[in-house]
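See structure below.
We did not get these values from a lab; they are worked out from the coordinates using the rules stated. None of these values were measured; they are calculated from a predicted model. No Cβ is skipped: glycine too gets one built from the backbone with ideal geometry, and neighbour counts run over all protein chains shown.
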2 protein chains.
Amino acid sequence: MPVSDRDGILLGHGSGGQMSTELIEQVFLPAFRNPWLERLDDQAVMTLGSARVAFTTDAFVVTPIFFPGGDIGALAVNGTVNDLVMCGARALHLSASFILEEGFPMEDLRRIVDSMSRACAASGVSLVTGDTKVVPHGSADRIFIVTSGIGLVDDAAVIAADHARAGDRLIVSGTMGDHGMAIMAKRAELELDSEIRSDTTALGSLVDAMRGTGARVHCLRDPTRGGLATSLNELARRSHVGMIVDEGLVPVRPEVRGLCELLGLDPLYVANEGKLVAVVDRADAGRLLETMHRHPDGRDAQIIGEVVDDHPGQVMLRTGIGGTRRLDLLVGEQLPRIC
Amino acid sequence: MPVSDRDGILLGHGSGGQMSTELIEQVFLPAFRNPWLERLDDQAVMTLGSARVAFTTDAFVVTPIFFPGGDIGALAVNGTVNDLVMCGARALHLSASFILEEGFPMEDLRRIVDSMSRACAASGVSLVTGDTKVVPHGSADRIFIVTSGIGLVDDAAVIAADHARAGDRLIVSGTMGDHGMAIMAKRAELELDSEIRSDTTALGSLVDAMRGTGARVHCLRDPTRGGLATSLNELARRSHVGMIVDEGLVPVRPEVRGLCELLGLDPLYVANEGKLVAVVDRADAGRLLETMHRHPDGRDAQIIGEVVDDHPGQVMLRTGIGGTRRLDLLVGEQLPRIC
């Protein structure tokens with residue numbers, strides 16, 4: 001849909017799905033057009049001197065700011081580290097900008113900063129520069145954090161969104177929808193039989209293990225906003241290939257599936273913050289999966305489908321009852337402020 | 001003052017002055033301690049491969065978002081470019097994260113994005129990666145922008161906050177307080193005889209011209225939040241030197257001085273967004289000043305004082321009436337959301 005100057009920004013423009021794409025393609029890209037931005041990746045890779053440097057940024061506006069399994073601080077560090085890791089980079093240095101609402105409890109700030117510090121240590125990254133702005137009460141909702149990151153890209157890495165080839169296998173590293181449903185459960189103050197925890201974690205170690213196998217990994221994405229469905233669509237479009245996903249093979253925790261059904265949500269569109277989807281050469285997929293299963297962040301990894309020549313740019317879902325339907329980009333916004 | 005966990009965040013914690021320093025030293029630095037952050041510069045310089053890379057971030061929350069001489073977009077690009085330029089880096093690549101309030105006019109977003117695009121072109125930088133989050137109406141005040149930047153540091157550059165030496169001269173590149181007073185005048189909807197315009201501009205070209213003279217420039221700072229007084233205090237502390245500034249030599253536009261008097265503000269504490277203060281070897285100061293005067297961004301440059309061995313860490317002001325008083329860091333917050 002064309003973005004009109006007479007419109008206002010809608011929540012869907014921040015969804016990571018269809019409307020985000022329209023905003024990028026119609027507003028940001030025409031203004032800033034350059035070879036890096038045009039790739040529409042979650043990170044840019046530039047040559048600086050003799051180094052190939054990856055650079056990424058993400059804003060975090062999640063509410064609540066503390067939730068089972070994590071908080072806005074851990075999310076901000078892990079999210080930016082993961083955007084670097086997904087292009088085959090080693091994450092090295094982060095910046096953090098804080099926008100704080102006047103009156104925000106110092107105690108909560110310390111707790112968030114400590115969580116960021118632990119997340120940095122876990123990934124071996126240094127937070128090297130930052131900024132803090134405070135706005136009057138009512139001008140922002142408590143705390144927003146923007147992290148940017150730089151990493152070094154190993155020359156051997158050839159992981160990119162347009163590298164999927166027909167025959168490749170699709171692997172997810174674990175259960176889908178945990179982060180989004182943890183936030184929703186906390187927000188609604190639902191009393192569940194078993195607590196749903198955010199999966200927020202940094203994926204550098206898992207990706208190192210995967211790359212250590214020598215398996216030909218063609219694409220990597222962390223399916224955050226917009227979920228698995230949106231990430232797969234982006235990869236299919238960028239690589240001009242089709243994809244077929246077997247719904248029954250996508251791992252989803254029973255409690256996540258249950259809450260999704262209750263709220264009328266599809267777990268394939270729900271945000272993850274510690275999972276990846278990999279597009280892998282068919283011949284290497286089995287071996288890679290074994291390695292992933294031995295890693296704590298890949299225990300529930302699963303081959304969920306394959307890349308095909310048919311219907312380029314589209315992802316088809318084989319449903320449990322034997323039918324097939326198109327799995328499109330997220331349209332609108334399911335879950336505002338999920339990350 | 002010790003930051004207590006029982007406190008809430010105050011506007012002064014985002015002022016760039018004394019309370020910002022306390023927050024950094026007592027909350028951020030203990031959590032993230034590393035050699036880059038410890039320098040407390042406006043940017044970090046790291047070695048990546050064979051390249052020396054400068055990295056910086058800034059959050060922009062200015063209100064109003066459009067003002068005489070600029071807007072939040074130009075400010076976000078120029079501010080981040082300037083933080084790179086001040087360490088002797090060539091600014092190359094920017095990221096931008098947008099936090100938008102639901103309902104924000106698309107027309108305003110386009111206007112801001114176009115302004116950012118022009119600012120990028122003027123500085124020869126590419127905006128290579130970004131993120132957009134949208135929060136529900138009332139959860140943020142219209143638009144916040146966080147820009148991060150990376151640049152390459154010329155090996156010959158030895159510009160650093162701890163390089164000031166007794167005998168050095170202090171030079172400002174132009175009039176002080178224009179940006180802050182432009183914002184205040186607009187905010188108060190004051191009808192002034194002559195409009196005060198923000199000085200927002202990128203200083204790469206001026207710094208190139210300055211460095212082209214071969215003058216020994218020891219320190220550079222852009223006196224933004226907290227103004228000239230705060231920047232000089234930071235340099236004096238970092239270099240363990242004293243400074244003496246002659247109040248009568250500091251260039252201030254009459255209309256800025258008038259508005260400051262009206263509002264009870266000191267122009268030496270008011271934010272600038274297109275000015276620099278340089279600490280320069282005494283023998284080179286005159287020659288450097290001549291070159292600055294020939295550059296459009298340095299026409300009003302002035303030697304305003306000198307570096308001394310006495311009272312290390314302190315800046316003294318020789319006042320118009322012949323007295324001397326200490327010019328301290330900004331305490332509290334004069335002008336919330338000035339950038």
Label distances, nm, B:Gly313 versus same residue in remaining copies, Cβ-directed 7 Å point = 6.5
Run through the other copies and list how far each one's label point is from that of A:Asp162, in nm with one decimal, shortest first; the point sits 7 Å from Cα along Cα-Cβ.
-> 4.6
Scale the Cα Rg of the stretch B:50-139 by the rule-of-thumb value 2.2 N^0.38 Å and send over the ratio, two decimals.
-> 1.15
Just report the Cα centroid separation between the stretch B:150-205 and the stretch A:77-116, whole Å.
-> 29 Å
Candidates B:Leu203, B:Leu75, B:Leu192; GNM for chain B (alpha-carbon contacts under 10 Å) flags as most fluctuating B:Leu192
What span do the alpha-carbon atoms of the stretch B:191-241 cover on each of the three principal axes, reported in whole Å from largest to smallest?
-> 43, 28, 14
HN-Hα couplings for the stretch A:162-168 via Karplus (6.51, -1.76, 1.60; θ = phi - 60°), in whole Hz with x for Gly/Pro, come out as 9, 9, 5, 10, 3, x, 4
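Can you give the longest run of chain B that contains no GluC sites (Glu not before Pro) sitting in a DSSP loop with at most 12 other Cβ atoms inside 10 Å? Intermediate values should be presented prior to the final figure.
On the way: sites that count: B:Glu189, B:Glu191.
Counting at most 12 other Cβ atoms within 10 Å as exposed, the longest clean stretch of chain B is B:1-188.
Quote the charge dipole size of the protein assembly as shown about the Cα centre in Debye, to the nearest 20; the model charges only the Cβ of Lys and Arg (+1) and of Asp and Glu (-1). Mind dumping the intermediate values first?
Working: 64 positive and 92 negative charges, 228 e Å.
Using Cβ point charges on Lys, Arg, Asp and Glu, the protein assembly as shown gives about 1100 debye.
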Per-q log10 I(q)/I(0), the protein assembly as shown, q = 0.11 Å⁻¹ (Debye; single scatterer per alpha-carbon; no solvent) | -1.06
Among the lysines in the protein assembly as shown, how many pairs, 8 or more places apart or on different chains, have alpha carbons under 24 Å apart?
-> 7
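Helix-only estimate, please: 222 nm mean residue ellipticity of chain B, summing -39500 (n - 2.57) across DSSP H runs of length 4 or more and dividing by its residues, to the nearest 500.
Working: 10 runs with 100 residues, N = 339.
My calculation for chain B gives -8500 deg cm²/dmol from helical runs alone.
How crowded by other chains is B:91-98, given as the mean number of beta carbons from other chains within 10 Å of each beta carbon? Don't jump to the answer; show the numbers that get you there.
Numbers: counts 0, 4, 8, 4, 11, 6, 10, 7.
Across the residues of B:91-98, the mean count of other-chain Cβ atoms within 10 Å is 6.
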Shielding score for B:241-248, defined as the mean number of other chain Cβ atoms within 10 Å | 0
Range of Cα positions in chain A per principal axis (Å), largest first | 55, 53, 48
With no solvent term and unit scatterers on the alpha-carbon positions of the stretch B:1-52, Debye gives log₁₀ I(q)/I(0) at q = 0.13 Å⁻¹ of -0.40
Just B:Gly180, B:Gly258, B:Gly226 to compare: in a GNM of chain B, with alpha carbon springs under 10 Å, which one fluctuates most?
-> B:Gly258
Binning at 5 Å from 0, report for the stretch A:135-218 what percent of all alpha-carbon pair distances ends up in each bin.
-> 3, 8, 12, 15, 15, 15, 12, 9, 7, 3, 1, 0
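Subtracting the Cα-Cα distance from 0.36 nm times the residue separation, let me have the gained length for A:Ala156 to A:Asp5 in nm, one decimal. Intermediate values should be presented prior to the final figure.
Details: separation 151, 0.36 × 151 = 54.36 nm, distance 4.45 nm.
Taking A:Ala156 through A:Asp5 to full extension adds about 49.9 nm, to one decimal.
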On average, how much area does the Cα convex hull of the stretch A:201-309 cover when viewed from any direction, in nm²?
-> 7.0 nm²
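Rank these for me by crowding, B:Lys186, A:Lys133, going from fewest to most other beta carbons within 10 Å. Can you show the working numbers first?
Working: B:Lys186 18, A:Lys133 28.
Listed from fewest to most nearby Cβ atoms, that is B:Lys186, A:Lys133.
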Taking chain A and dividing mean pair separation by its residue count, relative contact order in percent (alpha carbons under 8 Å, at least six apart) = 24 percent
Mind listing the label-point distances from B:Leu29 to the same position on all other copies, shortest first, one decimal in nm, points 7 Å along Cα→Cβ?
-> 4.6
Here P(r) for the stretch B:5-111, Cα-Cα distances in 5 Å bins, as whole percents, is 2, 9, 16, 18, 18, 17, 11, 7, 2, 0
Percent antiparallel among DSSP beta bridges with both residues in the protein assembly as shown, to the nearest 5?
-> 80 percent
GNM top mover of A:Cys219, A:Cys260, A:Cys87 - chain A, alpha-carbon springs below 10 Å | A:Cys260
Could you work out, residue by residue across A:21-29, how many beta carbons of other chains sit within 10 Å of that residue's beta carbon, and then give the average as an integer?
-> 3
